[in-house]
Amino acid sequence: MFKNFLIVIATLLLIFSAPVNAVVRHSVPETTSATPANFVNFDRDIKRYMRRYQIPGAAVAVMQQGKLVYTQGYGWADKDKKIPVQATNLFRIASVSKIITATAVLQLIQQGKLHYDDKVLDVLNDIQPLPKMKANKLIQKLTVRDLLLMSTGWGNSHSMGYDAIFGPLPSFWEHKYDLVAPMSCYEAARFMMGIPMVYSPGSHFAYANISFCYLGLLISKINHLPYTPAAYEQYVLSHVLNPLGITDMRLGSTQETFANEVHYYADDVDNGLPYGTSRVLEKAYAAGGWLASPIDLVKFAYGLPKILNKQQLAFIENEPKGVEYPANKKNRKIYFYSSGWWMYGTQDGLLWIAHGSFAGTRAMIVKRPDGTIISIIFNKLPRPTGSALAQLHVLLEDIEY
């Protein structure tokens, strides 16, 4: 259906990605339940993908018109302990967490407790720049809308040379302000208040985790909660996830593995799993801290109209006006980012995609115009990431039923 469109994406990403190194083949990952006849080809392609990128374990869920039509675990949740993956296992979902945070904010807008054009610092009026820093003038223009669209004005981690959440920070900043990355969302928000902006807020899209750190802080402030991961988590569970029948999701931890959570694996290029002692999941909770199963994610995507009204859904689906996107937008009739989702125009309608990665995980959810919702999560990050991600896009569009 969307195959030709996504093959273009795959080709472009392959051009700019390093070639895939030769890999040592291993036995086909076993599934944890029988595969229905109409999903045999999809099942085969997932196994091929996992062999190609040496992925120990994965879980997938497919929903059509609100009904789960396919759930499956592949390979190992823990290789050493020989524990197979179940579709109900929890995985780190990294930046897919952003669709959860954005939905909580859109709910607050729906309730009249917050507005798209509210100035962020007017709401977060108790947050000040770090010592020795002064707030830049442009940040006074920053709105809730800008955060949801990632049009803050600071640029992305590539153009700035660092990410305030994950680091590494330039040594100049570390020494001058006595900082060590990763910073908590609260610390990063204070730090970024003093960093000059590249653009005027609202004018350019630039993917940066700091946008969703600010959104997480807004959730706490509007609801008179402390600026802590635990307060944010409890609010989102009570007002967003539990009403949709999702009860297993929770914020992750880099210090411990929770019940039903998989083990994570990394390539040498990842230098192991660098987040083991940094508490980055807790610090970046609103931008990338959630654990979920693929079943949780398809239930969440399907349930959005139950908790968001038409106005808030239209905000996600309507292309932003006045926001400049990268050059590759000229090859797309519709291509934009809103509220944690990448939106792609196809001949059949809008394709919603959210994806995220850490060393040790890759998560993706696709919401197709035909009503099919697919989520897949791995316990290892496929590398090279560009070409692997492009191929995963195509894979999730080749499903047969």
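The values are calculated or read from the model by the stated rules, or taken from the named source; none is laboratory data. Every value quoted in this text rests on a predicted model; they were computed, and no experiment measured them. Methodologically, a virtual Cβ is constructed for each residue, glycine included, from the backbone with ideal geometry; neighbour enumeration extends over all protein chains shown.
Can you spot a residue in the range 177-199 that is in a loop (DSSP other than H, G, I, E, B) and at positive phi?
Scanning the range 177-199, I find at least one residue that is in a loop (DSSP other than H, G, I, E, B) and at positive phi, so the answer is yes.
Sort out for me the helices (runs of 4 or more DSSP H) sitting completely within the range 238-319 that have 2 or more residues that are among the charged types (D, E, K, R) and modelled with pLDDT of 90 or more.
Counting at least 2 such residues, we get 294-307, 310-317.
Of the residues 121, 169, 138, 114, only one is over 21 Å from the mean Cα position of the chain (by Cα) and at pLDDT below 90; which?
Checking each option against the conditions leaves just 169.
Pick out the one residue from 284, 208, 189 that is surrounded by 21 or more Cβ atoms within 10 Å (Cβ to Cβ), touching a residue at least 12 places away in the same chain (Cβ under 8 Å), of a type in the set (A, V, I, L, M) and out of contact with any Ser or Thr (no Cβ under 9 Å at 6 or more places or on another chain).
From the options 284, 208, 189, the qualifying one is 189.
Name the single residue, out of those in the range 368-379 being crowded, with 24+ Cβ neighbours inside 10 Å and not β-branched (Val, Ile, Thr), that is farthest from residue 56 (Cα to Cα).
Among those residues, the one meeting the criterion is 375.
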